[in-house]
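Accompanying notes for the structure given below.
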Amino acid sequence: MMLQFALSTLINLSSLQPEELVKEADPIPDKMEYKNMLFEYEQLKNLDNIIYSLSEDESSVIRTRHEEFVKSMTLITLDNNPITRTTVAGKMFAELLSRNILSMEAITQGIDAVLKNWNDYLMDNPQFFSFIAAIIAPLLLSQNAFFDFNNLKDLCTSIRPDNSSKFFIEVLNKILSSKETQNIKEQQGGILWIYNKWRTSEYVSLDVFMPNNQINNFFKNDRIGVFLLSIAMYDKMKLTDSKLLYDILSSWINVNISAEIIKCPQFVRALTIAIVIVGSKSNHSYEDFFDHAHVKLLICYIRSEPLPEPEIQAREVQCLYGIQIMSAVLKHPRGMVLRLFHKLYQNSIISTESFELWKKEDEFKAGFDEDLETKTMAVEVLNSFFISLAENYSDSDETYE
């Protein structure tokens with residue numbers, strides 16, 4: 001099998017110096033030794049022996065060959081019950097990185113060396129990308145390892161960008177399903193965590209992992225699908241002059257995004273998120289949020305064609321959810337939600353009925369679990385807005401009579 005062959009040839013004896021070849025004290029770690037290391041960490045959470053071998057033991061081959069240690073340990077996890085072991089290996093790497101035992105370069109190059117032969121490994125193991133992603137997730141989730149999406153970019157250099165799309169999706173899915181991001185009532189988890197990690201990674205461009213022409217192939221109407229769309233649209237917006245934004249972004253959407261996705265109400269959520277990110281990076285007063293081009297874009301994609309009223313309302317509600325989610329991601333900046341809701345109302349982007357519908361929705365929707373759990377804070381700061389909305393609606397009724 002390819003994996004067995006790869007493991008047996010990981011450390012090339014010919015690279016050793018002649019004097020090293022005769023040293024009996026320099027045994028090359030074999031498959032069982034790596035398994036024992038992994039088992040000891042998994043069962044006892046003990047890294048002492050591994051740290052000693054990697055940093056202090058002068059007779060240890062792996063003391064000076066950290067990249068090969070990472071590569072070998074990564075390949076070992078693909079044997080027997082890989083889901084458990086890949087996660088364990090990822091936590092081990094994260095801890096060794098946080099203690100400055102392994103360098104970032106050793107980890108990224110060691111795993112990239114495995115990914116480089118992805119096509120061969122995939123023949124033996126159809127879930128190869130998923131298993132490697134399970135190693136990466138603990139690194140990204142670690143609070144002490146300081147591993148971000150820029151490091152992920154370096155880690156999959158050999159497969160970017162044409163073959164990294166599936167791998168990137170697998171990494172995002174592993175993050176969403178991890179226990180560390182499950183309970184957002186106690187911490188910012190789930191998709192909020194992913195947006196925050198992306199922000200702290202200095203807004204790395206989506207196309208380093210997924211070219212624009214592949215978005216349609218990997219889009220699903222869920223949190224990750226909206227995340228991908230919002231990043232892609234933001235990447236385009238940040239490089240475009242505001243005077244040209246409407247024409248350029250509309251053209252880009254028509255070329256790169258399928259009509260089926262554009263018709264999805266969550267497309268408006270993604271567009272709104274991209275607009276909010278643009279505004280939040282350049283302006284903190286919220287006065288210039290939703291400028292002329294943004295308003296024109298939202299109106300276009302909310303009412304791009306004659307639609308039944310319920311479908312228009314569904315798109316309008318998704319616009320509000322986009323603001324709600326980004327408010328949570330940005331840790332509820334004071335005045336943000338209230339100001340943006342007023343802007344949407346003043347520019348006739350959202351109807352009174354849709355504001356009320358958003359406020360009253362109290363059911364979870366598959367793939368968007370954070371919607372209700374992030375709504376409480378948003379609704380609390382909108383009390384004055386909804387009072388004003390009710391008064392305006394009442395006045396309009398009296399005028400009509």
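What to note about this one:
- Filtering the range 193-204 to residues that are open to solvent by less than 20 Å² (accessible area, probe 1.4 Å) and within 9 Å of the chain's Cα centre (by Cα) leaves Ile194, Tyr195, Trp198.
- Selection count where residues are more than 19 Å from Arg160 (Cα to Cα) and either loosely packed, with under 15 Cβ neighbours inside 10 Å or polar (S, T, N, Q) (or both), scope the range 103-148: 9
- Some residue of the range 238-248 being modelled with pLDDT of 95 or more and either basic (Lys, Arg) or closer than 21 Å to Ile325 by Cβ (or both): no
- Filtered residue count, the range 205-251, keeping only those that are open to solvent by 30 Å² or more (accessible area, probe 1.4 Å), of a type outside the set (S, T, N, Q) and either out of contact with any helix residue (DSSP H, G or I) (no Cβ under 8 Å at 6 or more places or on another chain) or over 26 Å from Asn173 (Cβ atoms) (or both): 10
- Neighbours by Cβ (under 8 Å, 6+ apart or cross-chain): first from the range 196-212, in contact (Cβ under 8 Å) with a residue 12 or more places away in the chain and over 14 Å from Asp148 (Cβ atoms); second in a loop (DSSP other than H, G, I, E, B) and of a type outside the set (Phe, Trp, Tyr): Asp207/Pro161; Met210/Pro161; Met210/Ser164; Pro211/Pro161; Pro211/Asp162
- Test: Glu353 is in contact (Cβ under 8 Å) with a residue 40 or more places away in the chain, surrounded by fewer than 16 Cβ atoms within 10 Å (Cβ to Cβ) and not small (Gly, Ala, Ser): yes
- Lone unmet requirement of (1) modelled with pLDDT of 85 or more; (2) exposed (fewer than 15 other Cβ atoms within 10 Å of the Cβ); (3) farther than 19 Å from Thr74 by Cβ for Asn36: (3)
- Flag if Glu67 is surrounded by fewer than 22 Cβ atoms within 10 Å (Cβ to Cβ), in a helix (DSSP H, G or I) and in contact with a Gly (Cβ under 6 Å, 6 or more places away or on another chain): yes
- Qualifying helices (runs of 4 or more DSSP H) (wholly inside the range 278-350; at least 1 residues being over 23 Å from Gly189 (Cβ atoms) and touching a Cys at 6+ places or on another chain (Cβ under 8 Å)): 292-302, 336-346
- Take the conditions (1) in a helix (DSSP H, G or I); (2) modelled with pLDDT of 90 or more; Ser396 misses just one of them, which is (2).
- Selection of first residues in the range 62-76 that are more than 12 Å from Ala113 (Cα to Cα) and of second residues that are open to solvent by 10 Å² or more (accessible area, probe 1.4 Å) and among the basic types (Lys, Arg), restricted to Cβ pairs under 9 Å at least 6 apart or on distinct chains, gives the following pairs, ordered by first then second residue: Ile76/Lys31; Ile76/Lys35; Ile76/Arg85.
- Selection status of Asn254, open to solvent by 40 Å² or more (accessible area, probe 1.4 Å), over 17 Å from Leu271 (Cα atoms) and assigned to a helix (DSSP H, G or I): no
The values are calculated or read from the model by the stated rules, or taken from the named source; none is laboratory data. These figures come from a predicted structure and were not determined experimentally. Here Cβ is always computed from backbone atoms with ideal geometry, including for glycine, and neighbour counts include all displayed protein chains. Accessible surface areas use protein heavy atoms only, side chains included; no ligands, DNA or RNA. Shrake-Rupley method; radii C 1.70, N 1.55, O 1.52, S 1.80 Å.
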